[in-house]
Amino acid sequence: MRLQDKVSIITGSGRGIGRATALKFAAEGARTVVCDLDTNSVDAVVGEIKALGGEAAGYVVDVTERSSIDAMVAAVKAAYGRIDTLVNNAGVVQDARMVNMTDEQFDKVIDVNLKGTYNCAKSVIDTMLAQQSGVILNASSIVGIYGNFGQTNYAASKFGVIGMAKTWAREFGRKGIRANAVCPGFVETDIIKGIPDNVLQAMIDKVPMGRLGKPEEIANTYAFLASDEASFINGAVIEVGGGGTI
């Protein structure tokens, strides 16, 4: 198993891509740390992993609150003595055309998606530096490369986490720490449930593969990047969108 005994923190892992990533990491042998705002979701995913014979611990974490993150990181270190992987998956959307977007909508998305990513990385970096190893994976989006109508706040946050990953790759590469960004395209998660059928079909029509992505396909990418098989991949921006930007 490619992640055997690697201690892996995955934020926003109560559902969607995060849940699929937690399950994949556990299946690959990781000691998986499930983090989310929703207690029931955390408990459910931890239960799924344990039922499948994996090892998992769950924590209710608000990525906008450093004290919440620091408490989780301290507990993980106390339990396992190390942190091998951080997947910065937690994120929100608050879409609106820029002329209609409120300051509250803009601030919320930046606070969770961008500042939350910084907060989590800041909390684990000393541990990774001390052990001279680690992997930080930031959840970006194809919107973080190409922009998208009605997503000023989201695009800014997802552009930003790419910049963070590239910067960390430069700052920490010689310390044995790799940082990369993954950019999913349109994926079958709860986020798309409110999209009108005609708009959803138009999105699918743009993808050469003729379908939406599956959360497990993004999870597979994270698992590869977290593994030693990706030991020379650092500062990369990897699209997982079925060719939808071609």
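Taking the stretch 1-89 and the helices (runs of 4 or more DSSP H) fully enclosed by it, no element has 2 or more residues that are more than 15 Å from the chain's Cα centre (by Cα), under 19 Å from N180 (Cβ atoms) and at pLDDT below 95. Only one of the numbered conditions (1) farther than 24 Å from S227 by Cβ; (2) assigned to a loop (DSSP other than H, G, I, E, B); (3) in contact with a strand residue (DSSP E or B) (Cβ under 7 Å, 6 or more places away or on another chain) is not met by M98, and that is (3). For the condition out of contact with any helix residue (DSSP H, G or I) (no Cβ under 7 Å at 6 or more places or on another chain) and either at pLDDT 95 or above or under 16 Å from R178 (Cβ atoms) (or both), I145 qualifies. What are the residues in the stretch 199-232 that are in contact with an Asp or Glu (Cβ under 9 Å, 6 or more places away or on another chain) and assigned to a helix (DSSP H, G or I), if any? If the condition is that a residue be in contact with an Asp or Glu (Cβ under 9 Å, 6 or more places away or on another chain) and assigned to a helix (DSSP H, G or I), then P215, A223, A226 are the ones that fit. For the stretch 139-152, residues that are in a loop (DSSP other than H, G, I, E, B) and buried (at least 24 other Cβ atoms within 10 Å of the Cβ) total 2.
Does S133 satisfy the criteria of being of a type in the set (G, A, S) and in contact with a helix residue (DSSP H, G or I) (Cβ under 8 Å, 6 or more places away or on another chain)? Give the derivation first.
On the way: of a type in the set (G, A, S): yes; in contact with a helix residue (DSSP H, G or I) (Cβ under 8 Å, 6 or more places away or on another chain): no.
Here the answer is no, as S133 does not meet what is asked.
The lone criterion from (1) on the phi < 0 side of the Ramachandran plot; (2) in a loop (DSSP other than H, G, I, E, B) left unmet by G243 is number (1). Within the stretch 204-228, residues that are farther than 15 Å from S13 by Cα have Cβ atoms under 7 Å from residues that are part of a helix (DSSP H, G or I) in these pairs: G210/I204; R211/I204; L212/I204; F224/A230, counting only partners at least 6 apart in sequence or on another chain. Every test in (1) closer than 19 Å to T21 by Cα; (2) among the polar types (S, T, N, Q); (3) in contact with a Lys or Arg (Cβ under 9 Å, 6 or more places away or on another chain) is passed by N153 save one, and that test is (1). What are the pairs with Cβ atoms under 6 angstrom where one residue, in the stretch 153-182, is in a helix (DSSP H, G or I) and the other, located anywhere, is of a type in the set (S, T, Y)? Sequence gap at least six, or different chains. Listed pairs, sorted by first residue: K158/S140; K158/S141; V161/T117; V161/S140; I162/S140. What number of residues in the stretch 1-40 are touching a strand residue (DSSP E or B) at 6+ places or on another chain (Cβ under 9 Å), surrounded by fewer than 20 Cβ atoms within 10 Å (Cβ to Cβ) and farther than 16 Å from I218 by Cβ? Here the count works out to 5. Within the stretch 72-81, identify whether any single residue is touching a residue at least 12 places away in the same chain (Cβ under 8 Å) and under 22 Å from A169 (Cα atoms), and answer yes or no. Looking through the stretch 72-81, at least one residue is touching a residue at least 12 places away in the same chain (Cβ under 8 Å) and under 22 Å from A169 (Cα atoms).
Can you pull out every residue in the stretch 188-214 that is of a type outside the set (V, I, T), modelled with pLDDT under 90 and either within 17 Å of Q151 (Cβ to Cβ) or under 24 Å from the mean Cα position of the chain (by Cα) (or both)? Passing the criteria: D190, K193, G194, P196, L200, A202, M203.
The values are calculated or read from the model by the stated rules, or taken from the named source; none is laboratory data. The structure presented is a predicted model; accordingly, all values stated were derived computationally and were not measured. A quick note on method: Cβ atoms are made from the backbone with ideal geometry, for glycine too, and the neighbour counts reach across all protein chains shown.
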